[in-house]
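Encoded as structure tokens, the structure appears first; notes follow it.
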Amino acid sequence: MADTTFLSWPFFTDRHRALAEGIERWCATKLPVGRADVDAACRELVQQLGCDGWLNHTAPDPQQLSPLDVRTLCLIREILARHDGLADFAFAMQGLGAGPVSLFGSAEQRHWLRRSRSGQAIAAFALTEEQSGSDVANIAMTARRDGDAYILDGEKTWISNGGIADIYVVFARTGEASGAKGLSAFLVPGATAGLSVVERIEVIAPHPLARLRFDRVRVPGSAVVGAAGEGFKIAMATLDIFRATVGAAALGLARRALDEAGARARKRQLFGGPLADLQLVQGYIADMAVDIDAAALLVYRAAWAKDSGALRVTREASMAKLFATERAQAVIDKAVQLHGGDGVRRGHIVERLYREIRALRIYEGASEVQKVVIARQVLSGA
Ligand SMILES: Cc1cc2nc3c(=O)[nH]c(=O)nc-3n(C[C@H](O)[C@H](O)[C@H](O)COP(=O)(O)OP(=O)(O)OC[C@H]3O[C@@H](n4cnc5c(N)ncnc54)[C@H](O)[C@@H]3O)c2cc1C
């Protein structure tokens, strides 16, 4: 049974505690869904999460426009990830994909939020290109003005939900200035002519992922999210919110690993007693528990700071993502070790966790990028 004592920390209100119980119950009854076809599994998860109201937390109600509650996003991601990494992925992408519209969208664009919140539309966030992963400002995709419209040309790669998304937020170069200041964000429906999947990318923890081609994709001027030239700012503001939630997902995977390791250590008999009686094993368990609590403190500190009105939480969000993902990898590795041969048996829960954690140290800013961000903030006194 996972440790839930952190819910009594002062970062949370009774509303958060009730929500944590609710999503826990939901996971126990609705997960896992069949995974034979990963696209179908993701569609089903989005539909179920939407139907049962959980996706309402991924974007504001278009009528009321209340801000996103980051502690809620983190709690849901942590608990979903502890039960099923794919369910966490489906939930998270609805938030990240809709994020630029939630934060900067026009009244017309916000109609999409109704559909992403209900699970009727699958969302995607299309920033990365072949030569601009970590180097975001190096985006080459162009969006050329043509009367009242824009014409998008180029490729995006590593796009989660690529191929199954109904709506993409796409970042392209509009050239108001050089580098980061010449980018804009566009809302592009998946069915737009000229948008196609050129490659499905298979990864060690499968989810829908694709390289997309934009071949003279025409969108109206009203598809620009926020103002032209503000794409970089929009992408970074969106990541400021969702980076802490990646840390929360890592935390959920790590908590599951500790639960599994603890159960195994109590049950497995070695040298005339349970594995848990060996002091080196106790050392592992202690290290795992400390890493988890420290990660939780950083994740929920970042979420609380954002919810408490801090305009930017760049430093806190980067610290949360860096520490929680890196330490979750170490926690899960120890859980694999304590399972012996079973730890690397295909299909075993800790083997799955070992595959699921890896990409979190790379996407939404690799760990090295987080360190650069943190150092810059510290050195500038931010
Ligand atoms: C599973 C998965 C899902 C993804 N989903 C999406 C998505 O939905 N939308 C989207 O737009 N993108 C997505 N991405 C892309 C992801 O954001 C990029 O992979 C990531 O930003 C790294 O870019 P890159 O792969 O080009 O690696 P590179 O930029 O080539 O970096 C390679 C490595 O270099 C090191 N490095 C980079 N910068 C520095 C630095 N400043 N100092 C020191 N070392 C450094 C890091 O170790 C890094 O991992 C996804 C990626 C994965 C793996």
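Can you give me the long-range amide H partners of A2? Hydrogens built in the peptide plane at 1.01 Å from N, cutoff under 5 Å, separation of 5 or more residues or another chain.
For A2, whose amide H was placed from the backbone, there are no distant partners under 5 Å.
For the chain, what does the helix formula give at 222 nm: sum of -39500 (n - 2.57) over DSSP H segments with n ≥ 4, over the residue count, nearest 500 deg cm²/dmol? Don't skip to the end; give the middle numbers.
Details: 10 runs with 187 residues, N = 382.
Counting only the DSSP helices, I get -16500 deg cm²/dmol.
If the convex hull of the alpha-carbon atoms of the chain is projected onto planes in all directions, what is the mean projected area in square nanometres? Please report the intermediate quantities before stating the final value.
Values: hull surface 76.2 nm².
Averaged projected area of the chain's Cα convex hull equals 19.0 nm².
Using θ = phi - 60° and the Karplus curve 6.51 cos²θ - 1.76 cosθ + 1.60, what whole-Hz ³J(HN,Hα) does each residue of the range 54-69 get, with Gly and Pro shown as x?
6, 6, 4, 7, 8, 7, x, 4, x, 6, 9, 6, 6, x, 5, 9
Quick one: putting +1 on the C-beta of Lys and Arg, -1 on the C-beta of Asp and Glu, what dipole do you get for the chain around its Cα centre, in Debye to the nearest 20? Please list the in-between numbers first.
On the way: 46 positive and 43 negative charges, 32 e Å.
For the chain, the charge dipole is close to 160 debye.
Express in whole angstrom the spacing between the alpha-carbon centres of the range 105-184 and the range 238-304.
Using only Cα atoms, the two centres lie 36 Å from each other.
Could you tell me the calculated FRET efficiency between A330 and D14, based on Cβ-Cβ distance and R0 = 30 angstrom, to the nearest 0.05? Write down the numbers at each step before the final one.
Numbers: r = 34 Å, r/R0 = 1.12.
With a Förster radius of 30 Å, E is 0.35.
Taking loop as defined by DSSP and a crowding limit of 15 other beta carbons within 10 Å, which GluC sites (Glu not before Pro) in the range 168-234 fit?
On the way: sites: E176, E199, E202, E230; in loops: E176, E202, E230.
Those that pass, being in a loop and sparsely packed, are E176, E202.
Pop a pseudo-label 7 angstrom from the Cα along the beta-carbon direction at both S367 and D277 and give the gap in nm to one decimal.
3.6
Extending each Cα 7 Å along its Cβ direction at K267 and L31, get the distance between those two points in nm, one decimal.
Label-label distance for K267 and L31, simple model: 2.0 nm.
Quote the relative contact order of the range 132-228 in percent (integer), defining contacts as alpha-carbon pairs under 8 Å separated by 6+ residues. Numbers along the way, then the final one.
On the way: 208 pairs, mean separation 32.3, N = 97.
Result for the range 132-228 is 33 percent.
Once amide H atoms are built 1.01 Å from N in the peptide plane, which residues 5 or more positions from T157, or in another chain, come under 5 Å H to H?
Placed amide hydrogens put T128, E129, E130, L212 under 5 Å from T157.
Full-extension gain between S178 and K233, please, as 0.36 nm times their residue separation minus the C-alpha to C-alpha distance.
On the way: separation 55, 0.36 × 55 = 19.80 nm, distance 1.41 nm.
Gain in length upon complete extension: 18.4 nm.
Between 0 and 90 degrees, rounded to the nearest ten: what's the tilt of helix 349-358 against the longest Cα principal axis of the chain?
40
Ratio of the range 1-60's C-alpha Rg to 2.2 N^0.38 Å, to two decimals?
For the range 1-60, the normalised Cα radius of gyration comes out at 1.35.
Using the basic label-point model (7 angstrom from Cα toward the beta carbon), what is the V203 to A310 distance in nanometres?
It is 2.6 nm.
Can you give the FRET efficiency to the nearest 0.05 for A107 and D52, using r as the Cβ-Cβ distance and R₀ = 30 Å? Mind showing how you got there, number by number?
On the way: r = 27 Å, r/R0 = 0.91.
Computed FRET efficiency for A107 and D52 comes out at 0.65.
How high is the relative contact order of the chain, in percent, counting Cα pairs under 8 Å that sit 6 or more residues apart? Could you put the intermediate results ahead of the total?
Details: 711 pairs, mean separation 58.5, N = 382.
Result for the chain is 15 percent.
Bear in mind these aren't lab numbers, they're just calculated from the coordinates by the rules spelled out. This one's a predicted model, so the numbers in the text were calculated from it and none came from an experiment. Note: ideal-geometry Cβ built from the backbone for every residue, glycine included; neighbour counts use all protein chains shown.
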